[in-house]
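Notes follow the structure.
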Amino acid sequence: MQNTLFSSDSYYSSKWYIFKNIELGRVHDCIDWNSLVELLPKKKTLRGAPSWLPSKGFFGMMFLKHYTGLSDQKLLDRFNTDWAMQLFCGVLLAENESIKDNSFVSKIRSYLGHHVDMQAVQNVLISAWKKEIPDKNVLLMDATCYEVHMRFPTDTKILWEACQWIWEKQIPALCQLHGIRQPRSKYKEQKKKTNVYSKQRKKSYRKTKSRRSALLKLLLKGIDAYQKLLNQVKASGLTGKDAATFKTIKMVYQQQYHHFRYPKVKIKERIVSIYKPYIRPIVRGKENKSVEFGVKVHKIQVGGISILEHVSYKAFNECKRLKISTLKHKNLFGSCSHLAGDAIYATNENRKFTTKEEITTNFVRKGRGKDDKPTKQIKALLNKERSTRLEGSFGNEKEQYLLRKIKARKPETEMVWLFFGVLTANCVLIAKRRRRQQELKRAA
């Protein structure tokens, strides 16, 4: 039997020392846990059951989510059996203990989304890493879209979803609750036709237009019938969530009817999902995907560390963010001497600003003159850093840290998902740099 200096329940046990020497332990040491815990609201009362996790465990579970790339259920199963993950969250479960709540991880995500500002979390971690970030005077910037997990929207799909919500979910439930006879409709007939249409490999313009016309009539009748029933029962049993969805469906009908009548007119604030009405189509102009649906992010990068400068569900022009990004960089790291961005940033306004601030950029020179050899070399280095390190971080985060599709269901939890995906990538990078420095010191 092996004798240990400390008890097995203590953090200073052999498990703790083993944990410190693995990558997960090194990532743990990169995080300023005390400052993160201060961002959580203080508990006012002692009511309720004690939490499975300490305060740092709420953040730790989110880091583990994106570090492992597991689903919520598989992460919980792994957490119950992996003492290294438990130590990462500041707890060590007994041998006969396990968390059995399948929604445990999603509840933590929801709690953080409602009570913690994600920009504050990012600022805390960036401040803790500030001394370790090299080349603080060099600023890289670019924009991308992190897509949310949803079906690809079409006019027919969103109209059918709206009809389905009213005629299948709401009207039968409301009539059954109050003992009212259901209004007559051609919903079943339209359901068969819609199923036939959806199974067709090639959908002609004439068939699509006919389907949209029929669904618009069915949706209008459903809206009127459901509104009359609500007036009859004085909206008894109508939840806030259902009321918001019904309001969204009314807006969907107005937009789709206007688009059906005037197909060439663009619709502002177009709704593409009745369950996520805040999502907007973001035109990216890519060859394989011209339009994306999700969160558009303007990201700046300093010394390989990514910072989410601006996040919006609506499309925006990233060239307008150059001045603001430079000022934010100045507040965090000091003056900026070199800046790199793609061609969209090279506007006359931005050129005047960078010249005034004496910032060297990678913008293509205007006019007939040519850059001297040192300037060409600097611009080539800036272009290489932007195209490899910055744009490479987009792919790394999307492939390795669950940001290819954000699978949260609300805008608050989607922000938690997004920020922790980027911050986890930063933590792993800092941990690798620290290990590399330690190996160099040992070799020296």
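The values are calculated or read from the model by the stated rules, or taken from the named source; none is laboratory data. Quick caveat: nothing in here was measured; it's all calculated off a predicted structure. Here Cβ is always computed from backbone atoms with ideal geometry, including for glycine, and neighbour counts include all displayed protein chains. With ligands, DNA and RNA removed, areas are computed over all heavy atoms of the protein, side chains included. Shrake-Rupley method; radii C 1.70, N 1.55, O 1.52, S 1.80 Å.
Some points to look at:
- Probe 1.4 Å, all protein chains present, accessible-area order of Trp83, Trp33, largest first: Trp83, Trp33
- Cα centroid separation, the stretch 16-65 to the stretch 146-188 (Å): 42
- For the stretch 197-207, backbone phi angles converted through the Karplus equation (6.51, -1.76, 1.60; θ = phi - 60°) give residue-by-residue couplings of 5, 5, 7, 6, 6, 10, 9, 6, 4, 5, 5 Hz, Gly and Pro being listed as x.
- For the stretch 275-377, fraction of C-alpha pairs farther apart than 22 Å, in %: 42
- Members of Lys405/Lys432; Lys100/Lys191; Lys188/Lys314; Lys65/Lys276; Lys20/Lys44; Lys289/Lys366 lying beyond 29 Å, as alpha-carbon distances in this model show: Lys100/Lys191; Lys188/Lys314; Lys20/Lys44; Lys289/Lys366
- For the stretch 13-76, accessible area per residue (1.4 Å probe, heavy atoms of protein chains only), Å²: 55
- Arg280 long-range amide H proximity, modeled H, under 5 Å: Gly294
- 20 Å reach of a label modelled at Asn137, 7 Å along Cα-to-Cβ, counting backbone N of the stretch 341-379: 341, 353-363, 372-379
- Note on the chain: helix-only mean residue ellipticity at 222 nm, from DSSP H runs of 4+ residues weighted -39500 (n - 2.57) and normalised by residue number, equals -16500 deg cm²/dmol.
- Formal net charge of residues neighbouring Gln176 (Cβ-Cβ distance under 14 Å; K, R +1; D, E -1): +1
- Proximal charge balance of Asp372 [Cβ under 13 Å; K/R count +1, D/E count -1]: +4
- Shown for the chain: the carbon plus sulfur share of the solvent-accessible area, taken with all protein chains present and a 1.4 angstrom probe, equals 52%.
- Accessible surface ranking that places the most exposed of His114, His28, His178 first, with a 1.4 angstrom probe: His114, His178, His28
- Amide H to amide H, with H built 1.01 Å from N, Ile31 comes under 5 Å of no residue 5 or more places away or on another chain.
- Only Cα pairs under 8 Å and 6+ residues apart enter the sum, and on that basis the relative contact order of the chain stands at 22 percent.
- Rounded to the nearest Hz, the phi-derived 3J(HN,Hα) couplings of the stretch 265-279 under the Karplus curve 6.51 cos²θ - 1.76 cosθ + 1.60 (θ = phi - 60°) are 7, 6, 9, 7, 6, 6, 8, 10, 8, 6, 8, 10, x, 7, 6, where x marks glycine and proline.
- Dipole of the stretch 251-331, positive end: most advanced residue of His329, His258, Ile300 [Cβ charges, Cα centre]: His258
- For the stretch 283-341: Kirkwood Rh in Å [reciprocal of mean 1/r, alpha carbons]: 13.0
- In the set [x] 45, 36, 18; [y] 42, 26, 19; [z] 36, 27, 20, the label that goes with semi-axes √(5λ) of the Cα gyration tensor in Å computed for this structure is [x].
- The residue among Val116, Leu140, Pro153 whose Cα reaches farthest toward the positive pole of the charge dipole of the stretch 78-156, with charges on the beta-carbon of Lys, Arg, Asp and Glu, is Val116.
- Rounded to the nearest 10 degrees, the angle from helix 373-385 to the longest Cα principal axis of the chain is 60 degrees.
- The chain - charge dipole about Cα centre, Lys and Arg +1 at Cβ, Asp and Glu -1, debye rounded to 20: 2760
- Rounded to 10°, Cα long-axis angle of helix 118-129 versus longest principal axis of the chain: 10
- Measuring with a 1.4 angstrom probe and ignoring ligands and nucleic acids, Phe246 comes out at about 10 Å² accessible.
- Per residue, in Å², the accessible surface of the stretch 188-227 once ligands and nucleic acids are set aside, probe 1.4 Å: 72
- Per-residue HN-Hα couplings for the stretch 288-305 [Karplus 6.51, -1.76, 1.60; θ = phi - 60°; Hz; x = Gly/Pro]: 8, 8, 6, 10, 10, 10, x, 9, 8, 10, 9, 10, 10, 9, 10, x, x, 8
- For Arg261, the accessible area of its heavy atoms, probed at 1.4 Å with every protein chain present, is near 130 square angstrom.
- Computed on the stretch 286-444, the Cα convex hull volume stands at 168 Å³ per residue.
- The solvent-accessible area of Lys330, taken with every protein chain present and a 1.4 Å probe, is close to 120 Å².
- Local net charge near Asn102, Cβ-Cβ under 13 Å (Lys/Arg +1, Asp/Glu -1): 0
- Of Tyr205, Tyr197, Tyr262, the residue with the largest accessible area leads and the full order is Tyr205, Tyr262, Tyr197 (1.4 Å probe).
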